[in-house]
Amino acid sequence: MAQEHMTVWARPERGTRGPVAGHSRAELTAVAIELADRHGLAALSTRQVAKALGTGQASLYRYIFSRDDLLDLMTDAVAGEIDLDVPLSGEPVEDLAALASRTKQVHLRHPWLSDVPPEPLRLGPRGLDYLEYALRAMAPVPLPGRSKTEIVGLMNALVAQFARAEHQMSHGPASRHAAQTAYLSEAVARGTHPHVAAALADSPEAAPPPAPQALFERTMRRVLTGLVTSATP
């Protein structure tokens, strides 16, 4: 198979395209992560990475063939920040919920992660370790392997959405949140959405909203309990 049709993990560390390599994939990845952490994923480019490394853009083709290669390297590197040495308790829901919480912390440290286009097989060495750990947590669950991998995928999608919302709440303008709250209150007051009004009535304004992590843990356990106990092949 031609190298351009192989995943970055199946190719040599340094290819033959472009000028002689003077760096490593690890250096390139670390610089890309730092840039994405500071400026976001949309602003990340191979040109910026090359500039930060003090080299020409063409030299990066010794390490990667495309921006997707760069995203593969970045996502796998930060996946290595998730602690997979935590002993499993034998309770699949609790073990997966704890794994999800550790994963969300990585998303909050690297908000660009939620903007990486989802691909079912975007897995490198650390991603495979993560999947192995999650599947080992579900070893007592009598479901076929495909159903278990689907559960991991759904769990990670939920992690990304919660992390994105939590980051927005922490860094978004307070005026926007106030405007959204005022609009909702006005819409409910008109009486055209009685079920919405009834749901909000169960959560009086005087009661403080749940902390983001508490809400995340409660929701994740509910979802995982349903998936693990009710999922069918």
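Read-outs throughout are calculated quantities, based only on the coordinates presented, and are distinct from any laboratory measurement. As the structure is a computational prediction, the values presented were derived from the model and not from experiment. Cβ sites come from the backbone with ideal geometry, for glycine too, and all protein chains shown count toward neighbours.
Quick notes
- Cα gyration tensor shape for segment 3-79, rounded if a/c is under 1.5, else prolate or oblate: oblate
- Ordered by the count of other Cβ atoms within 10 Å of each Cβ, fewest first, 33, 151 give 33, 151.
- With contacts taken as Cα pairs under 8 Å at a separation of at least 6 residues, segment 92-230 carries a relative contact order of 43 percent.
- Dividing the mean sequence gap of close Cα pairs (under 8 Å, 6+ apart) by how many residues the chain holds gives a relative contact order of 21 percent.
- Segment 157-172 and segment 41-98 have Cα centres lying 19 Å from one another.
- Sum of side-chain charges, residue 134 neighbourhood, beta-carbon under 12 Å (Lys, Arg +1; Asp, Glu -1): -1
- On Cα atoms only, tilt of 174-189 relative to the major axis of the chain in degrees: 40
- Computed from Cα positions, the angle between helix 125-137 and the longest principal axis of the chain comes to roughly 40 degrees.
- Prolate/oblate/rounded call for segment 92-230, Cα gyration tensor, a/c under 1.5 rounded: prolate
- Seen against the Cα atoms of the chain and their longest principal axis, helix 212-230 is set at about 90 degrees.
- Cα Rg, Dmax, the chain, angstrom units: 21.7, 70
- Segment residue 51..residue 187, full-extension length gain: 43.9 nm, with 0.36 nm per residue of separation and the alpha-carbon distance subtracted.
- Loop-located chymotrypsin sites (Phe, Trp or Tyr not before Pro) in segment 99-170, at most 14 other Cβ atoms within 10 Å (DSSP): none
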